[in-house]
Every structure is written in structure tokens, then in C-alpha cells.
Amino acid sequence: MSKLLVNTLLIVVILFTSCKNTSNPLSTNKGSETPVAIDTVVTAPTPTTPTVTEIYTWVNELRMREEATTNSPIVVTLKEGEPLDFAGEKSDFTEKISLRGTLFDEPWLKVTTKTGKEGWVYGGGVKFYKVGADKSGTPYDDCLKLEKARQITQATKCFERVQFRELKNNASRVTASASGIDFSLLSGEQLSLQNIGRDTVYDFRYYIKEMGFFAVLANYRDSSEYVLVDDKSGELIAMKGYPKASPEGNHIVGVGTDWKGRGDFNGIQIMSYDTGNFELAFEENIVGSNPVLPKWIDDNTLQITLLDESNRRKSTVAQIVKEETGEWMFK
């Protein structure tokens with residue numbers, strides 16, 4: 001065999017040996033016939049993003065702190081109604097803190113402002129909905145605030161002062177005397193609500209201009225209710241609690257508080273007036289709390305403060321909303 005042929009064979013053997021198994025993407029584990037892919041890529045699971053809930057401060061100058069304690073440095077002071085992002089992280093303890101005269105026992109919540117500042121706020125200072133401004137006030141709102149503070153004597157005097165003023169403002173159409181109340185209707189007719197001894201005594205409250213009704217308190221011997229008097233027809237509509245019309249006059253809420261525990265109505269009643277006729281849309285008797293201070297946030301959103309009967313310093317805010325279905329629901 002020539003030297004050239006031997007060299008050629010050696011080169012072929014070397015090339016065959018060096019390329020063995022490189023063209024096959026699979027290799028076999030020793031002692032196993034199961035092929036294993038050499039270029040298998042393991043993908044790490046995608047981390048889940050925590051659900052973020054928008055919450056709102058309901059007290060002014062609420063302090064966001066670096067840690068969940070009142071001794072921690074302040075990150076920023078928040079305004080009433082300011083929105084915050086809450087991702088669900090809260091302290092594993094609660095703390096008793098008084099806010100606006102109400103004692104809360106709540107945990108701390110880790111939150112982020114809309115500008116990106118992060119810290120902790122006390123849970124009693126925030127709500128899971130925006131506590132808005134009252135869009136439909138009444139002349140007696142300051143009196144109702146005194147009732148909320150359980151300053152009943154001062155509240156009674158407040159009602160008397162405002163009642164005197166409202167009678168003066170409506171003197172051309174309303175006249176009150178010891179025998180009852182006389183109304184001059186827009187139709188030109190006269191309507192009288194006559195007192196019946198101590199069994200029925202009528203007190204004029206105010207004129208609800210959003211709806212065109214006079215609000216009258218009917219005091220009975222053992223209970224009371226409100227009566228709405230149509231300023232055109234003289235029709236009488238009974239309501240169980242203090243009436244307050246929504247901003248557009250499509251609904252009216254009646255809030256009754258049984259302060260003395262006599263068995264009077266202690267709840268919330270909403271009447272709809274969308275079609276020009278009253279219809280009972282919602283009624284709830286409240287157990288364990290006294291409903292006060294109704295606030296119309298808009299024509300379909302009502303907020304009520306609920307005072308704990310066993311702890312006069314404790315209160316919560318309930319929200320009642322008209323759903324797309326037309327039903328009113330507690331939120």
C-alpha cells in the first residue's frame with residue numbers, strides 16, 4: 001500500500017471520529033434508552049401581579065407613614081377624598097385610634113399614591129369608595145349633625161330655630177297655628193292639616209323645591225312619621241323618616257332613627273319619583289345601629305352614617321346605589 005493511500009485513510013478515519021454524534025440532536029443517558037434533548041429550555045413561571053384596589057381617604061390630613069405605627073416618620077399628608085392604590089398587604093395587628101370623634105380598631109394598610117409614593121395608612125382613615133360631598137342639602141343639616149353627636153337637647157332647639165325660619169320664609173304659602181297647618185296650593189286651593197288633641201300634631205319642616213312638596217312631621221301619641229304635601233294637587237304621601245330629595249328630584253330618602261327605643265321606624269326608605277308618581281324603591285330596618293346624616297352623592301348614590309347603638313363613639317358609612325337593573329343595593 002502506497003504512503004499516499006495510507007495518509008488518505010487516516011484523514012477519513014479522523015474526520016468520521018470527530019463528527020460522530022454531532023449531527024444527532026439527541027443523546028442517550030447511560031443505562032437508559034430514553035432520549036434526552038440537549039437543547040431543552042426550562043421556562044420560569046410568570047409571577048402573578050397582585051390585584052390593586054382603589055381606596056379613598058375620608059378624613060383630611062391623614063398621614064402616610066414609612067411603617068405601620070404612629071411613631072414612624074411621615075411620608076406624606078393626604079387630603080380628604082384622595083385616591084390610593086391598595087394591593088392587599090396589611091398589618092397582622094389592629095390598633096385603636098380615634099378619628100373625627102369615632103374610635104376605630106383597624107389594621108394598617110400598605111398603599112401607593114397616584115404619584116408613586118409608598119407607605120402605610122391607618123385602616124380607619126380610608127374607605128373602599130369615595131366619600132363625596134352632599135349634593136342635596138336641607139335647612140336642618142346642622143341639626144342632624146347634632147343628632148349624630150347625640151346632643152339631643154341641642155338638636156331639638158336647632159330644629160325649633162330652623163322651623164321658625166322656614167315658616168317665615170314660606171309665610172305666603174304656609175300658616176301654622178295651634179290648630180294645625182294651612183297651605184295655599186299653586187292651584188289656588190287651600191289645604192288644612194288639623195291637629196287632633198295630643199293624638200296627632202303637625203309640625204311644618206321645610207319646602208322641598210326639587211320636587212315641589214312641603215315636608216311635614218306628623219307626631220302621634222306613640223310614634224311619628226313624615227307627610228309630603230304636593231304643592232299643586234294637595235296629595236299626601238306618607239314617609240317613615242326625615243325626607244331628603246336627590247339632586248335631580250327623581251328620588252327621596254326618608255331616614256328614621258328610634259333614639260328612645262320605643263319601636264319607631266329605625267331605618268332607611270327610598271321612594272322613586274321618576275314617572276311623576278311615588279313608588280317604594282328600597283326599605284331597610286336597621287338593627288344594632290342608628291341611621292343618620294343621609295347624603296346624596298349623585299342622583300343614584302346615597303350614603304348613610306350608621307351609629308353603633310352599644311358604642312356611641314363608633315360609626316360606619318353605608319352606601320346604597322341604584323344598579324343598572326333599577327334595584328337599590330347596599331354596598
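What follows draws every value from the coordinates through simple rules; no lab data is involved. Keep in mind that this is a model prediction, so the values were computed, not measured. Heads up, the Cβs are rebuilt from the backbone with ideal geometry, glycines too, and the neighbour counts pull from every protein chain shown.
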(request) Compute the separation of the alpha-carbon centres of the stretch 196-240 and the stretch 57-93 and state it in Å as a whole number. (result) 46 Å
(message) In the stretch 297-313, whose amide N lies under 16 Å from the spot 7 Å out along Cα-to-Cβ of LYS145? List them in ranges.
(response) 305
(request) Compute the Rg to Rh ratio over the stretch 53-127 from the alpha carbon atoms, using the Kirkwood formula for Rh, and round to two decimal places. (result) 0.91
(request) Mind ranking 237-245, 161-169 by how tightly packed they are, going by the mean number of other C-beta atoms within 10 angstrom, highest first? (result) 237-245, 161-169
(request) Take the Cα coordinates of the stretch 141-330, assign each an equal point scatterer, and use the Debye formula without solvent to give log10 I(q)/I(0) at q = 0.11 Å⁻¹. (result) -0.50
(message) Taking loop as defined by DSSP and a crowding limit of 16 other beta carbons within 10 Å, which GluC sites (Glu not before Pro) in the stretch 234-331 fit?
(response) GLU235, GLU248, GLU309, GLU323, GLU324, GLU327
(message) If I model a spin label at THR115 and ASP298 as a point 7 Å from the Cα along the Cα→Cβ vector, what separation in nanometres do I get?
(response) 2.7 nm
(message) Please rank VAL174, VAL75, VAL255, VAL121, fewest neighbouring Cβ atoms within 10 Å first, as an exposure proxy.
(response) VAL75, VAL174, VAL121, VAL255
(request) Specify which residue in the list LEU236, ILE252, GLN154 is farthest towards the positive end of the charge dipole of the stretch 141-330, using unit charges on the beta carbon of Lys, Arg (+1) and Asp, Glu (-1), about the Cα centre. (result) GLN154
(request) Rank these for me by crowding, MET329, MET64, going from fewest to most other beta carbons within 10 Å. (result) MET329, MET64
(message) I want the local charge near PHE164. Using Cβ-Cβ distances under 12 Å, sum +1 for each Lys or Arg and -1 for each Asp or Glu among the other residues.
(response) +2
(request) Once you've got the Cα coordinates, tell me which of LYS110/LYS148; LYS145/LYS314; LYS209/LYS240; LYS135/LYS209; LYS148/LYS260 are over 23 Å apart. (result) LYS110/LYS148
(request) In nm, give the distance between the simple-model label positions of VAL321 and GLU95, each being 7 Å from the Cα along the Cα-to-Cβ direction. (result) 3.0 nm
